[in-house]
Amino acid sequence: MTQHLDAHNVQKTWQLEKPQKRLKVAVIGCGVGRAHALAYQALPDHFEMVSICDLDLQKAKKLALEVGALGFTADYAGLLEGSDLDVVDICTPPHLHVPMVIEAIQAGKHAICEKPIAACLKDVDTLIALEKISAKRIMPIFQYRFGNGLQKLEYLQKQGLLGTAHVATVETHWRRGAWYYEPEWRGKWATELGGGLLGHAIHAHDMLTKILGKVKTVYAKVATRVNPIEVEDCAAVTLEMHDGSVVSLSMTLGSSAEISRHRFVFSNLTAESNTRPYTSSADPWVFTGDSPEIQKSITVALEDFVEQPDGYTGQFLRFHHALLNNTSLPVTLQDARDSLELVTAMYRSARTGTEVQLPILTTDPDYNSWLPTSQ
Ligand SMILES: NC(=O)c1ccc[n+]([C@@H]2O[C@H](COP(=O)([O-])OP(=O)(O)OC[C@H]3O[C@@H](n4cnc5c(N)ncnc54)[C@H](O)[C@@H]3O)[C@@H](O)[C@H]2O)c1
């Protein structure tokens, strides 16, 4: 059983140190996998890209040449068997994630996996159990967490400056047209596993719960209004958090002006994200204190805030550090489980027209699948 040290003991300057070991990594899937590969390329002291894998060998070759990977292949099983690899980074369509992560762990590799890591809570629990008995680690992707705007809010929270939470609003208003649904797997329950609540707003909702903690109740309305797809592309959701605060979530994939926005209202301050759709967790965020004294405390506290790399680079750097120092991963399977529990509750609420209470129990039928029963 793996022992994990307390991540808070980590020195702030760790990312500047030249690491003792480069991890050998392969990226599987060349869509968003290209962004992963570029992030590894930006960390040459930490990672060596051994291979790029895609069923489309031309795509794999092109990306391997672009990022300077040592090789390329279309054969995932062969890659796991034959290569001297530490980590596989899985960026394939959602329905393939669980079997590919399991194969990687069984082959003795650490696994990084894009969201959503699993198709139901039961499958996440299978991965949690597998990680516990394995010497290898599994890290889901939530790269939006590492934007320095959100990190500043977390920092102020750790300093005890926020007060009590009153309310929050989260908007994920993105745009996806017919072009987006050209790949066979998108827009379908069986392969995408969900719509905008699972595939797009999941980042913004993870950012929300990172600050406000556990969700208590969920009431959701969903609709498919933008594209002719099976899954939802619009949603309005109300949450009651365990701390008593209340939250409104709004998601659409049909917004001509794309934005992502978080607004947190605490008794001591209001925090507002920037509204750039894909970098809303980065600076600038605006923190407005409830009095001149609180504003001063915010300013003084943020003077000590240390910026760290964000996005995929930030997550992979922290992953490398966690692996070499045996500390907690920057995103854990439990984090992914929490976000998928919220998704499960949102889908159940939307289907039944009722408020859903968390946690989702293992005896609940939705524990085994949130897909419609016709699937
Ligand atoms: N974190 C984020 O911000 C973010 C952004 C985009 C996509 N994603 C997630 O990443 C995953 C992939 O999405 P995408 O947009 O890159 O999809 P995509 O269709 O553009 O790319 C997927 C690639 O995987 C390859 N592939 C499929 N099966 C394979 C197999 N068995 N072995 C090797 N290669 C295989 C395909 O050929 C394709 O090139 C999805 O789960 C998606 O939700 C996350």
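The values are calculated or read from the model by the stated rules, or taken from the named source; none is laboratory data. The structure displayed is predicted, hence computed values, not measured ones. Here Cβ is always computed from backbone atoms with ideal geometry, including for glycine, and neighbour counts include all displayed protein chains. Accessible surface areas use protein heavy atoms only, side chains included; no ligands, DNA or RNA. Shrake-Rupley method; radii C 1.70, N 1.55, O 1.52, S 1.80 Å.
Backbone phi angles across the range 298-315, fed through the Karplus curve with coefficients 6.51, -1.76 and 1.60 (θ = phi - 60°), yield HN-Hα couplings of 5, 4, 5, 4, 6, 4, 8, 5, 9, 5, 10, x, 10, x, 4, 4, x, 5 Hz in residue order; Gly and Pro are listed as x.
Taking amide H as placed 1.01 Å from N in the peptide plane, Ile112 has its amide H under 5 Å from the amide H of Val88, Asp89, Ile90, Met139, each at least 5 places away in sequence or on another chain.
The Cα center of the range 269-287 and the Cα center of the range 186-202 differ in position by 25 Å. Taking θ as phi - 60° and the Karplus parameters 6.51, -1.76 and 1.60, the scalar couplings of the range 347-357 work out to 5, 5, 4, 5, 6, 9, x, 10, 6, 10, 9 Hz in sequence order, x denoting glycine and proline. Rounded to whole Å, the principal axis extents of the Cα atoms in the range 144-307 read 54, 31, 23, largest first. Here, the chain has an Rg and a Dmax of 20.5, 63 Å when only alpha carbons are counted.
Please calculate how many Å² of accessible area the chain carries per residue, with a 1.4 Å probe and no DNA, RNA or ligand atoms counted.
Values: 16420 Å² over 375 residues.
Per residue, the chain has 44 Å² of solvent-accessible surface.
For the range 116-212, a simple Cβ point-charge model (Lys and Arg +1, Asp and Glu -1, everything else neutral) yields a dipole of about 240 debye relative to the Cα centre. Relative contact order for the range 144-307: what is it in percent, counting Cα pairs under 8 Å that are at least 6 residues apart? Reported relative contact order: 32 percent. Annotation: Glu192 carries an accessible surface of approximately 10 Å², with a 1.4 Å probe and no ligand, DNA or RNA atoms counted. Amide H contacts of Thr327 (H built 1.01 Å from N, in plane; Pro and chain starts excluded): Leu5 sit under 5 Å, all sequence-distant by 5 or more or on other chains.
From Cα pairs below 8 angstrom and at least 6 apart in sequence, can you work out the relative contact order of the chain, rounded to a whole percent?
Details: 790 pairs, mean separation 72.6, N = 375.
Contact order relative to length: 19 percent.
Estimated purely from DSSP H runs of n ≥ 4, each contributing -39500 (n - 2.57), the mean residue ellipticity at 222 nm for the chain is -10000 deg cm²/dmol once divided by its residues. Bridge orientation summary for the range 144-307: considering DSSP beta bridges with both residues in this region, about 80 percent are antiparallel. In order along the range 77-82, the Karplus-derived 3J(HN,Hα) couplings, from 6.51 cos²θ - 1.76 cosθ + 1.60 at θ = phi - 60°, round to 4, x, 4, 5, 6, x Hz, and Gly and Pro are given as x. The label point for Ile259 and the one for Lys216, both projected 7 Å from the Cα toward the Cβ, are 2.9 nm apart.
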